2 protein chains.
Amino acid sequence: MEPLIIRGNILFTPRRGELRALPRGYAVCRGGVCLGAFQSLPGEYRGIPVTDYGDALIIPGLVDLHIHAPQYAFRGTGMDCELLEWLKRYTFPEEARYVDLDYATRAYSLFAKQMKNSATTRAVIFGTVHREATLLLMDLMEETGLISYVGKVNMDRDAPDELREPSPEASAFDTFGFINVALRRGYRRTRPILTPRFIPSCSDALLRELSEVRRAYDLPVQSHLSENPEEVALVKRLVPSAAFYGEGYERFGLFGGEARTVMAHCVYSTEAEVERIRKNGVWVAHCPNSNLNICSGIAPVRRYLEAGIRVGLGSDVAGGQTESMFRAVTDAIQVSKVRWRYLDPEARPLSFPEGLYLATKGGGSFFGRVGSFEPGYEFDAVVLDDFILPHPYPMTLAERLERAVYLGLDREGIRAKYVGGCCQFQYTE
Amino acid sequence: MEPLIIRGNILFTPRRGELRALPRGYAVCRGGVCLGAFQSLPGEYRGIPVTDYGDALIIPGLVDLHIHAPQYAFRGTGMDCELLEWLKRYTFPEEARYVDLDYATRAYSLFAKQMKNSATTRAVIFGTVHREATLLLMDLMEETGLISYVGKVNMDRDAPDELREPSPEASAFDTFGFINVALRRGYRRTRPILTPRFIPSCSDALLRELSEVRRAYDLPVQSHLSENPEEVALVKRLVPSAAFYGEGYERFGLFGGEARTVMAHCVYSTEAEVERIRKNGVWVAHCPNSNLNICSGIAPVRRYLEAGIRVGLGSDVAGGQTESMFRAVTDAIQVSKVRWRYLDPEARPLSFPEGLYLATKGGGSFFGRVGSFEPGYEFDAVVLDDFILPHPYPMTLAERLERAVYLGLDREGIRAKYVGGCCQFQYTE
């Protein structure tokens, strides 16, 4: 991998709440790793080829901590019910289609193409229960250039027949097979992740089996947690002995600690659950758009940040209507304002730099040193052209970036994208 | 004006909550008025030329009941404070620039171009206090093809020197002048509207003067009402004898009744105010995006609808970040879910057809019979191409429209636009 330098208006958030801007600065990459962002190029890097993006904005790649690839097909529709009914009415019927590899090829190709063209450079992705379709999804994600975790879903209860795996053992066996094949395919960017759907769909016996799969491969874990009041009540009935929802996972070693774990939502986590999330170093994938659409509520993100919990953002397609992580940033800010106004006057709203931090360095930490142009960070970058937004007076770089994010310029304004030091695409003028 | 017929997948909301879909139907227009939408073309209309938009979606034009043209330049920035501070820090300094007609030309041209290209066919628009700049805005709006009300703002207190008009009499005199010139210019689509900014900026003496201006020309009125708790408290201090905020306008005949009036926001209207809004037939311009961004809250729209109040939607640029009325529709639905969840479990969330109704027929009623393809409605239509959103299986028309609105296809998917029976633009394949 050749060293490279990109030049432009560089913006990133080294600390939560701090937006650093280097007008016409340089970001230097060697071996896939950032050597730093500089206002003027240090002499030692002269000789490395510079790609000059002129007046464009350059930011770290965006990290989507929670997205369901098989739900992409119905994004933006079916926004008329809550989680449990929504799963039955829209999600499960759609996910059942992925038993058909032809369908999976068509649908996942659309998803992968969109992810490639998005501002997202890293993603943590749910597939379906289907092993073959999920391997196909991994093939397609590998081609996008994104670095991603992809999981075959496990469900052995409370699901329609077509999606319910016949037994805990069969589910675990299939998961072993999935992981073995995934690892053998030698992907450079795509890794398997253990994916028990959520407690309502996973018996204790299944989670026990999965804990062994996890240990055998030292896999990370993704799942859902305390998303919706009905779901939380259902979990209480299903696992009456658990002190809190997350204990249903923790009993089987699937809730942080040794198991690198990301839990989506955490809207209704109790104090005990929040404390365990913190103690176990579980990542929270905050998915504000989804929480709006399927009426879940607003997660207390300010509280999580103050408690020192790791928080990133998720698009949660198709509870969320779009894969746009710019949208996730602004939704996170907007709902934090509603929460402050009506539910928690002590929890001040997120600022724009905080929102951007969550979508870059916040979620990026799940992948290691990701989401910043500080030295030692993996080199993920998005180059944004905002000339399509003409303006009657000069704006600061911070204003230009805020506007680009609020107006969703990740849709047509992305000029180039780098992941782990590789340029994935680049439009020349 | 020649009669015309457009063909395609026609969708509209004749009643709140009812989405009617005519696959490959016909909408017929004569003399600027819709003669109806039909599944098959009645014999009597044979001979009228048909423009066939194939598989495109055809919906009524969108109506923006509240937008500030001079704030368009800073949309999507400055989202870090509440209303009163936001006015001081961002809005007033920007509005002060419009004393300069060169600046106004540059900035309003960008605004007008965007409005022309949007899905909005009708708008109720704030200018600034500047007479000349606001007339210029009217010239530019006239060219867009939209039908709009445009108001020169009045403010005689609590504003920076550059924006504060020297006296109530001077403000009224300038407004007379504005209206006279506006009427003399003989616009076909652009009408003046009385625009006292809000109670904090308007003394009783000014409102008294304006009430005479209003009566002299039988003008409609636009203003702000009960948007933010700080503002509501300020109004209480400024007009201690008023039983509710809106009474500050009503005393001077500027709150419905004979005066066709639209009030933006109404987030914190008291019971007495709500009752007066209803009784006086005041239109409420619900602006959910703005209410999120500047931390105002969530208006109780379901309650207003149940009370029989007239409600439309507003983008409220630049409290709102975008002029997209598709965004206003989905924001209205999303915040209604938060309100239901946390504040009012009896007020069920808005459905998609209800959201679309508010943005078409709801707000359209401020302009007369507008916002539907029922016979007798003025013929405003937007033709949407959604082929840029490929899909792995066939969708219903209702699903396609919901998706197009949630994904903001008013940005690049508008193929043609008709206002009052005139085609404003049309992209051919």
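The Cβ shell under 14 Å around A:ARG189 holds other residues with a net charge of +1, Lys and Arg each +1, Asp and Glu each -1. Contact order for chain B, expressed relative to its length and based on alpha carbon pairs under 8 Å spaced 6+ residues apart, stands at 21 percent. In this structure the amide hydrogen of A:THR261, modeled in the peptide plane, comes within under 5 Å of the amide hydrogens of A:VAL221, A:GLY256, A:TRP283, none closer than 5 places in sequence on its chain. For chain B, the solvent-accessible area of protein heavy atoms averages 33 Å² per residue (probe radius 1.4 Å; ligands and nucleic acids excluded). For a straight C-alpha distance cut-off of 14 angstrom, the aspartates and glutamates reachable from B:LYS116 (same-chain residues fewer than eight places away being disregarded) are B:ASP64, B:ASP139, B:GLU142, B:GLU143, B:GLU323, B:ASP380, B:ASP410, B:GLU412.
Peptide A:77-86 has a mean of 4 when you count, residue by residue, the C-beta atoms of other protein chains within 10 Å of its C-beta.
Here the dipole of region A:139-209 is about 440 debye; that uses its Cα centre as origin and unit charges on the Cβ of Lys and Arg (positive) and Asp and Glu (negative).
Taking the DSSP bridge list for the protein assembly as shown and keeping only pairs wholly inside it, about 45 percent are antiparallel. State which entries of A:LYS337/B:LYS88; B:LYS113/B:LYS236; B:LYS152/B:LYS417; A:LYS279/A:LYS417; A:LYS236/A:LYS361 exceed 31 angstrom in Cα-Cα distance in the structure shown. From the list (A:LYS337/B:LYS88; B:LYS113/B:LYS236; B:LYS152/B:LYS417; A:LYS279/A:LYS417; A:LYS236/A:LYS361), the Cα-Cα distance tops 31 Å for B:LYS113/B:LYS236; A:LYS279/A:LYS417; A:LYS236/A:LYS361.
How much net charge surrounds B:GLU323 when only the other residues with a Cβ under 15 Å from the Cβ of B:GLU323 are counted, with Lys and Arg +1 and Asp and Glu -1? Net charge in that neighbourhood comes out at +3.
Here region B:266-337 is treated with +1 on each Lys and Arg Cβ and -1 on each Asp and Glu Cβ, and its dipole about the Cα centre works out to around 180 debye.
Each residue of region A:409-417 was assigned a 3J(HN,Hα) from its phi angle through the Karplus curve 6.51 cos²θ - 1.76 cosθ + 1.60 (θ = phi - 60°); the sequence is 6, 5, 7, 10, x, 7, 9, 7, 9 Hz, with glycine and proline shown as x. Against the longest alpha carbon principal axis of chain B, how many degrees, from 0 to 90 and to the nearest 10, is the axis of helix B:325-338 turned? For helix B:325-338, the angle is close to 70 degrees.
Here's how it looks for B:GLY36: its modeled amide H is under 5 Å from those of B:VAL28, B:GLY376, which are all 5 or more places away or on a different chain.
For region B:333-372, the set of chymotrypsin sites (Phe, Trp or Tyr not before Pro) satisfying both a DSSP loop assignment and a count of at most 16 other C-beta atoms within 10 Å is empty.
Charged neighbours of A:LEU136, selected by a Cβ distance under 12 Å, balance to -2 (K, R count +1; D, E count -1). Along region A:169-180 the Karplus relation, 6.51 cos²θ - 1.76 cosθ + 1.60 evaluated at θ = phi - 60°, assigns HN-Hα couplings of 5, 4, 5, 5, 4, 5, 5, 3, x, 4, 5, 4 Hz to successive residues, with x for each Gly and Pro. For peptide B:399-405, the mean count of partner chain Cβ atoms within 10 Å of a residue's Cβ comes to 4.
Determine, from the Cβ-Cβ distance of B:SER167 and B:ASP100 and an R0 of 30 Å, the FRET efficiency 1/(1 + (r/R0)^6), rounded to the nearest 0.05. It comes to 0.80. When the Cα positions of A:PRO240, B:PRO23, B:THR330 are compared along the charge dipole of the protein assembly as shown, B:PRO23 comes out farthest toward the positive end, with charges on each C-beta of Lys, Arg, Asp and Glu.
Net charge dipole, region A:62-367: roughly 940 debye, given to the nearest 20, about the Cα centre with Cβ charges of +1 for Lys and Arg and -1 for Asp and Glu.
Coupling constants for region A:68-75 follow from the phi torsions by the Karplus curve (6.51 cos²θ - 1.76 cosθ + 1.60, θ = phi - 60°), and in residue order they are 9, 4, x, 9, 4, 4, 10, 4 Hz; glycine and proline get x.
A full extension of the chain between B:GLU346 and B:ASP139 corresponds to an added length of 69.9 nm, given 0.36 nm per residue minus the alpha carbon distance. How large is the translational diffusion coefficient of region A:62-367 in µm² per second when you combine the Kirkwood radius over alpha carbon pairs with Stokes-Einstein at 25 °C and 0.890 mPa s? Translational diffusion coefficient: 130 µm²/s.
The values are calculated or read from the model by the stated rules, or taken from the named source; none is laboratory data. The structure presented is a predicted model; accordingly, all values stated were derived computationally and were not measured. With ideal geometry, Cβ positions are generated from the backbone for all residues, glycine too; neighbour counts draw on all protein chains shown. Heads up: the accessible areas ignore ligands, DNA and RNA and are worked out on the full protein's heavy atoms, side chains in. Shrake-Rupley method; radii C 1.70, N 1.55, O 1.52, S 1.80 Å.
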